[in-house]
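Accompanying notes for the structure given below.
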Amino acid sequence: MFNQSPFDEHSDLYEKWFHNNEAVYLSELEAIRALLPSSGNGLEIGVGSGRFSTPFGIKVGVEPSERMANIAMGRGITVIRGFAEDLPFFNESFDFALMVTTICFVEDLGKSFSEANRILRSGGSLLTGFVDRESPLGQIYLENRNKSTFYRSATFYSTFEVLTELQKAGFMNFDYTQTIFNPLKEINETEPVSTGYGEGSFVVIRAVK
């Protein structure tokens, strides 16, 4: 089961990352925005403190960490405590769903994607944003995860592995954006966003049900 204690105990450290890496955060937002539906009823799975839902006007989130959920609710998001593998919603409840830096923390990636598929309406889309394991940043995270407060028990995936699991879950018609082309410490302004994957460390995949 997902270990939520680091997020409950170190929420201040989590929030501090966004302040210290504002240009990285803004770059990730732009990569997501490029693929985000312009309308519809949305859900963020693994909403955290609401850092990604809030700019996009997503009003509903699922989050296992009590502390993270409380921060997100303070930002105006309705948060239901739960896990990606067992979403507390009826079938076909949403037009789109967002998962950002969430998949590395789920216990069962395939089941998480299947649940996302279940709660989406026909033609709905799932946007998955993650650090590609094969990228320079992904390799740094992988090599240093035992030193990290949050990534100690994380599982990092390559884009190919994520695509494979999305296909198994019944998704199709994939679109991609990528960003974060430089080392984090060198990023002082918003990075460019391009289509495809394989160059940027942060990848967003839009998959259609």
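To the nearest 0.05, how large is the calculated FRET efficiency for Asn41 and Glu189 if R₀ is 25 Å and r is the Cβ-Cβ distance?
0.15
Between Asn21 and Thr155, what FRET efficiency follows from the Cβ-Cβ distance if R0 is 30 Å, with the result rounded to 0.05?
FRET efficiency, Asn21 to Thr155: 0.85.
Helix-derived [θ] at 222 nm for the chain: sum -39500 (n - 2.57) over DSSP H runs of at least 4, divide by residue count, nearest 500?
-9500 deg cm²/dmol
Label the chain by shape, choosing from rounded, prolate and oblate, from the square roots a ≥ b ≥ c of the eigenvalues of the Cα gyration tensor; if a/c is under 1.5 it is rounded, and otherwise prolate applies when a/b is larger than b/c, oblate when it is not.
Cα axes put the chain in the rounded bin.
Using a Cα-Cα cut-off of under 29 Å, which lysines could be cross-linked to Lys185, ignoring same-chain neighbours fewer than 8 residues away?
Within reach: Lys16, Lys147.
Can you tell me the length gained on complete extension of the stretch Met172 to Ser148, counting 0.36 nm per residue apart and subtracting the Cα distance?
Full extension of this stretch gives 5.2 nm more.
What list of whole percents do you get for P(r) of the stretch 152-200, with Cα-Cα distances grouped in 10 Å bins up to the one holding the largest distance?
Reading the bins upward from 0: 20, 39, 32, 9.
We did not get these values from a lab; they are worked out from the coordinates using the rules stated. Please read these numbers as outputs of a predicted model, since none were measured by experiment. Positions of Cβ are backbone-derived with ideal geometry, glycine not excepted, and every protein chain shown enters the neighbour counts.
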